[in-house]
Structure formats: structure tokens, C-alpha cells
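To start, the structure itself, in C-alpha cells.
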Amino acid sequence: MSPQLFGIEHILYIIISTALCGGALILAKRYAKTEKMQNVFLKSLAALLLIAILTNRLSQVFRYDTVRWYCIIPDSFCGMTSLVLSLGVLLGKKNNAVLHFTWLLGLFGGISTVIYATFIGQSTSIFYLPTISGLLHHSFSASLVIEILMFKWINITYKRWYCTVFGFTAYLTVGAFLMHTFNLSDAFHIAEPLLSGTKLTAWVMAPMYLSAYAIILLLIEIARKKNLIK
């Protein structure tokens, strides 16, 4: 029998992964007192995220009867965010443009997908490589964003709003390429909804995300003016 959404295997994964990620973040907060050590923790977690997303994509390449090399390219917002976020931390500097686009996607997408993992029943075991690597890269993505915020590796401000617009444009461009070149009809949910039976295509989710992001930026600026945050 395949693992079920909110079944025993799924719930155990949520509990164990949350405990491990929480423990790792507590250790990072306790022992990473210098900027050098903070960078070590951040880049180590980013490396784990990169390994998880590449493993997930390679598992998709060899998942079918024929080898599909084009599946190495992430075809979802969460998958591409995991790849871009990990590289942004590993190769980029503090407060780089990639972080301003990916932090909210990585945090919300990571947490919500682990909780509502619609792909959990891909095989008879949660340890089926596409399944477990998918869960792991979402967990690592959310954890990395929390660590980025914890170590103040990003200065969230409305002045970098354009990063989000450019980021979404790039994602949808990749999605359009995958759709028209490899006939991936659900790429980045441009033509097909995120959840079957809903209208949550990219054209609906993008304005919803941008509106939520604008509200978050406004609240951060208000809190900053009231000296509630630095």
C-alpha cells in the first residue's frame, strides 16, 4: 500500500524532520557567533539543499522506461526555488538579489508542501527516491530561509521589489520553454492548476503571491519605523 497524505509515514516524516531541522537551527544559533561560522552553517545547509534537489531531478530523469534528460530541469516553483536558492547562498554574497526573490517562496513553499505533500503516494514506500528527495528538498529549503533570516543574511526591503518581478518572469520563461519543447503541460502550472479542480494556475498564483509579498514588505517597513526590528 502506498503512503497516504497524513498517513502514518507522512506524519512521522513531518515530526522527525521538524525536530531535526529545529535542533539544527538551535545549534546554529548557539554556536555560530561569528560571521565566518554563520557562513559555514549557511553554506553547509545550502549544499545539502543542492544535493537534495539534484537527487530529486536525477530520480525523475531515470524514473520512466526511457531516460528523460530534460527532467533534470526543475519544472515547478518549489523545485526551481530550491535550486536557485541553494546556488544563491553557495555562490552569492549576503543580501544578493536571488535571496530577495526566493526567500518567501522557499519558506512558504517548503513548509506548505511538506505538510500537504500531494506526491506522497508515488510508490509503496516513502523512501522511494523521487518521494523522499522531494520531501527533503522542501524541508531544507524552508530551513535555509529561516537560517538566512536568523543570521540577517538578507535585508528585506521594498527597494528590492523588482527582484520578485524578474524572478517570476524567469520562472515562467523556463516553464514556457519546457511546455513547448518537451510537452510538459504542467510546467510551472502555466496551463494546469497546482491542485486539480481549482483555478490555481501561475496566472492566479502570481498576483496572489505579489499581493502577499507587498503586504509583508509594508508590515516590515512599519515595524522598522517603530524600531520593532532593525
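The values are calculated or read from the model by the stated rules, or taken from the named source; none is laboratory data. What you are looking at is a predicted structure, and each value in this text was computed from that prediction instead of being measured. Neighbour counts are summed over all protein chains in view; Cβ atoms, including those assigned to glycine, are modelled from backbone coordinates with ideal geometry.
Miscellaneous remarks
- Odd one out for ALA19 among (1) under 22 Å from TYR116 (Cα atoms); (2) modelled with pLDDT under 95; (3) exposed (fewer than 14 other Cβ atoms within 10 Å of the Cβ); (4) of a type outside the set (D, E, K, R): (2)
- Test: residue in region 81-100 that is of a type outside the set (A, V, I, L, M) and closer than 23 Å to LEU195 by Cα: yes
- Residues being touching a residue at least 60 places away in the same chain (Cβ under 8 Å), within 23 Å of CYS71 (Cα to Cα), assigned to a loop (DSSP other than H, G, I, E, B) and not polar (S, T, N, Q) - total across region 117-159: 4
- Residue check, LEU210 part of a helix (DSSP H, G or I) and at pLDDT 95 or above: no
- The listed residues are ALA46, ALA32, and the only one of them that is closer than 17 Å to HIS137 by Cα and small (Gly, Ala, Ser) turns out to be ALA46.
- Taking the numbered list (1) modelled with pLDDT of 95 or more; (2) within 30 Å of ILE26 (Cα to Cα); (3) not β-branched (Val, Ile, Thr) in turn, TYR158 passes all entries but (1).
- Scope region 66-95; condition assigned to a helix (DSSP H, G or I), over 18 Å from the mean Cα position of the chain (by Cα) and among the hydroxyl-bearing types (Ser, Thr, Tyr); matching residues: TYR70
- If only residues of region 35-65 that are without any contact (Cβ under 8 Å) to a residue 40 or more places away in the chain and not in a helix (DSSP H, G or I) are counted, the one that is nearest to GLN122 (Cα to Cα) is TYR64.
- In region 96-116, the residue that is farthest from LEU54 (Cα to Cα) out of those that are part of a helix (DSSP H, G or I) and polar (S, T, N, Q) is SER112.
- Near pairs, Cβ below 7 angstrom, 6+ apart or cross-chain, from region 201-230 (surrounded by 10 or more Cβ atoms within 10 Å (Cβ to Cβ)) to any residue that is of a type in the set (Ser, Thr, Tyr): LEU210/THR164; TYR213/THR164; LEU217/TYR158; GLU221/TYR158
- Some residue of region 86-109 being closer than 28 Å to ALA206 by Cβ and charged (D, E, K, R): yes
- Restricting region 177-200 to residues that are outside any loop (DSSP other than H, G, I, E, B) and without any contact (Cβ under 8 Å) to a residue 40 or more places away in the chain, the residue that is nearest to PHE119 (Cα to Cα): MET179
- Count of region 190-205 residues which are within 19 Å of the chain's Cα centre (by Cα) and of a type outside the set (A, V, I, L, M, F, W, C): 2
- Unmet criterion (only one of (1) at pLDDT 95 or above; (2) among the small types (Gly, Ala, Ser); (3) not in a helix (DSSP H, G or I)) for SER2: (1)
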